[in-house]
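Note sheet for the following structure.
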Amino acid sequence: MAIVPYKKSSLPITWRIAISIVIASIVINAISSASLIYINYKEEEKQFVYHVDEIQASHMTSLANALWHFDNKQIRVQGEGIYNLYFIGYVRISSDDNTLYERGEVSRNPENDHFMIPIQQNDRLIGELEVGFARDRILKDIIYSAQKMILMQLVAGFLLALLLFWRVHRIITRHLIDLNKQISIQKESSEHQFLTLDREIYNDELSAVVDSFNQLTEEINDELIKKETAQKALAETNNKLEQRVEERTKNLQVAIDELNDTLENLRNAQSQLIESEKLSSLGGMVAGVAHEINTPIGLCITTHSFIKDLFKDMRIRFDSGQISKNNFTEFMQNMEESVDILSKNLERAANLIQSFKHVSEDQAGEALRKFNLNDYLHEINSTLNPKLKTTLHKVKITCPEDIELEGFPGALSQVITNLVMNSLLHGFEDIKQGKITIKAEQQKNTIVIVYSDDGKGLSSESQAKIFEPFYTTKRGYGGTGLGMHLVYNLVSQTMQGTIQLQEADKGCTFLITIPAKVKEIEAPNES
Ligand SMILES: Nc1ncnc2c1ncn2[C@@H]1O[C@H](COP(=O)(O)OP(=O)(O)OP(=O)(O)O)[C@@H](O)[C@H]1O
Ligand SMILES: [Mg+2]
């Protein structure tokens, strides 16, 4: 409920009561006095008519006699007697239009205020008596007495107001002021004590208010005690809780520290594994290349021993002087063929070593350099040939010859190698003649490489988890589940691009986008 602000300018209750009474008494006095003046005035008018009758009854006989005997003295005495009557303001005694006696003022309203009384003697009209109503004087008298009455009533009203002022103050106001003081002291000290009235015990409204207030105070005090008890209990519980939380936090911290250590160990293990994964692919490549080089070098050795034999035979013939033209022609022919075989195989071996050198240097050293994408994709392919040659699977590279990249070719090689190895190991698990296509094209500053195989494809679980570290369907059969994670990190971090698995009708397809020129930020970190 909203509290209406207290108006400081309001008069105290006692003053307001006293002023109300004074005003009320003035108004009541004014109304009653006006009514009284009016009633008295009307009464006096009636009285005038009644007195005119009386004059007729008491004065007319003696006045007729005085008139009959022309007794002027008696006429004047009679006239004075009538004039002195209270209601009479004008008297005129006349005979045959001769004024014998006249006193007073003619009224302003002679038609209503004047009476003509005939004076008769022996049934003969001998004169007239005219009497006038003393209206002004009577009105003045009535007003005067009303004024006195009003004054007295005002004094009485004022005294009554004073008495009331004093009584109201004694009975009500001073107690209210005292109660207010007690409440203010309680408010300031925030103690809740009972209110008391400084007077004898009465069973009135003030006592009822004080009793109700005290009941309320008692209830508030009870509530406060309950609140205090509850607060203490709460504080205690809080304390206990804080202690418990502190204990748990400590335990949790220990657990977190242990977990952090474990996590750190795991990270180390993971990077070691990734490192060894890289090296293992390099190792695999070394074995493959060694096997590959074995053939041309073997052929060279065979050819070399053949040449050696030819040369030895020729020497013997030369020393014994038995060289015929035929012998020499045959020797030259054999030599030409052998040298041809030698140079072809040496060239083949040199090419293989060159490719391997490029790729392995890039993989180990991660050098940033410019390279031609088409050439490099073919170089990667030739390092994979030893693996592919043992199968019927085919790799088809479609790439414009003029795409020049500035980036980390070693990372690209690792990515393609891993993808191809996965296609061979997983995609073509039960397939004899699989087909891998690597399509590359340049779109402004971006290179888009679409790698796809037509193998068995990925399950929905593999689709969701393929880039997660340690996800493999070949656990226990040589798979670590780090290959695709490494591919993801190489593409997104080292090559600053993206790799996504694409929906395909058959097999699986990866969409790789990389910038044609990587930004040089810091030393690349492929793990
Ligand atoms: N081309 C693909 N066709 C079908 N399944 C694939 C293909 N590539 C990857 N997978 C699936 O994704 C999984 C994860 O591949 P990933 O290369 O990360 O691990 P891995 O090949 O099993 O082990 P490794 O760490 O030796 O590479 C594979 O186990 C395989 O189930
Ligand atoms: Mg793999």
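Could you order Arg199, Arg317 so the one with the most accessible surface comes first? Probe is 1.4 Å.
Values: Arg199 50, Arg317 75 Å².
The most accessible residue leads, giving Arg317, Arg199.
How much net charge surrounds Arg92 when only the other residues with a Cβ under 10 Å from the Cβ of Arg92 are counted, with Lys and Arg +1 and Asp and Glu -1? Kindly include the intermediate steps, with their values, before the conclusion.
Numbers: positive: Arg103; negative: Glu102, Glu128, Glu130.
Local net charge: -2.
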Check your understanding: What's the center-to-center distance, using Cα atoms, between region 163-218 and region 417-434 in Å?
Key -> 101
Point to revise | Binned Cα-Cα distance frequencies in the chain - 10 Å width, integer % | key: 3, 10, 11, 7, 6, 5, 5, 5, 5, 5, 5, 4, 4, 4, 5, 5, 4, 2, 1, 1, 1, 1, 0, 0
Study note, to complete from the structure: Reported to the nearest 10 Å², Glu404 has, with a 1.4 Å probe, an accessible area equal to 110
Practice item. Report the net charge of residues surrounding Ile449, where surrounding means a beta-carbon distance below 10 angstrom and charges are Lys +1, Arg +1, Asp -1, Glu -1. Key: 0
Revision key, fill the gap. Expected field for Lys389, accessible surface area in Å² at 1.4 Å probe radius, rounded to 10, holds 130
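Once every DSSP H run of n ≥ 4 in the chain is given -39500 (n - 2.57) and the sum is divided by its residues, what mean residue ellipticity at 222 nm do you get, rounded to the nearest 500 deg cm²/dmol? Display every interim value, and only then the final one.
Values: 11 runs with 322 residues, N = 527.
After summing the helix terms and dividing by residue count, I get -22000 deg cm²/dmol.
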Check your understanding: Of Lys389/Lys439; Lys387/Lys435; Lys396/Lys474; Lys396/Lys519; Lys432/Lys465; Lys394/Lys519, which pairs sit farther than 23 Å apart, going by alpha carbon to alpha carbon?
Key -> Lys396/Lys474; Lys396/Lys519; Lys432/Lys465; Lys394/Lys519
Point to revise | Candidate residues Tyr488, Tyr83, Tyr477: accessible-area rank, largest first, probe 1.4 Å | key: Tyr477, Tyr488, Tyr83
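Compute the accessible area per residue over region 441-490, keeping the other protein chains in place, probe 1.4 Å, unit Å².
54
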Review point. Once the convex hull of the C-alpha atoms of region 179-247 is built, how many Å³ does it hold per residue, rounded to a whole number?
Key: 84
Study note, to complete from the structure: Cα-based Rg/(2.2 N^0.38 Å) for region 13-172, rounded to two decimals, is 1.64
**Study point:** In region 80-135, the trypsin sites (Lys or Arg not before Pro) that fall in loop regions by DSSP, at most 12 other Cβ within 10 Å
**Key:** Arg108
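Length gain on complete extension for the stretch Arg315 to Arg76, per 0.36 nm per residue less the alpha carbon to alpha carbon distance?
Details: separation 239, 0.36 × 239 = 86.04 nm, distance 21.52 nm.
Gain on extension, Arg315 to Arg76, equals 64.5 nm.
Work through the residues other than His169 whose Cβ is under 14 Å from its Cβ and net out their charges, Lys, Arg +1 and Asp, Glu -1. Walk me through the intermediate numbers first.
Details: positive: Arg16, Arg167, Arg170, Arg174, Arg199; negative: Asp178, Asp198.
Result for the neighbourhood of His169: +3.
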Review point. How much solvent-accessible surface does Asp97 expose, in Å² to the nearest 10, with a 1.4 Å probe and all protein chains in place?
Key: 140
Practice item. Arrange the residues Phe318, Phe331 by how much accessible surface each exposes, largest first, with a 1.4 angstrom probe. Key: Phe318, Phe331
Exercise for review: State the percentage of accessible surface on the chain attributable to carbon and sulfur atoms; use a 1.4 Å probe and exclude ligands, DNA and RNA.
Suggested key: 56
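The values are calculated or read from the model by the stated rules, or taken from the named source; none is laboratory data. For clarity, every value in this text was computed on a predicted model and none was experimentally measured. We place every Cβ from the backbone using ideal geometry, glycine too, and count neighbours over all the protein chains shown. Only protein heavy atoms, including side chains, enter the accessible area calculation; ligands, DNA and RNA are left aside. Shrake-Rupley method; radii C 1.70, N 1.55, O 1.52, S 1.80 Å.
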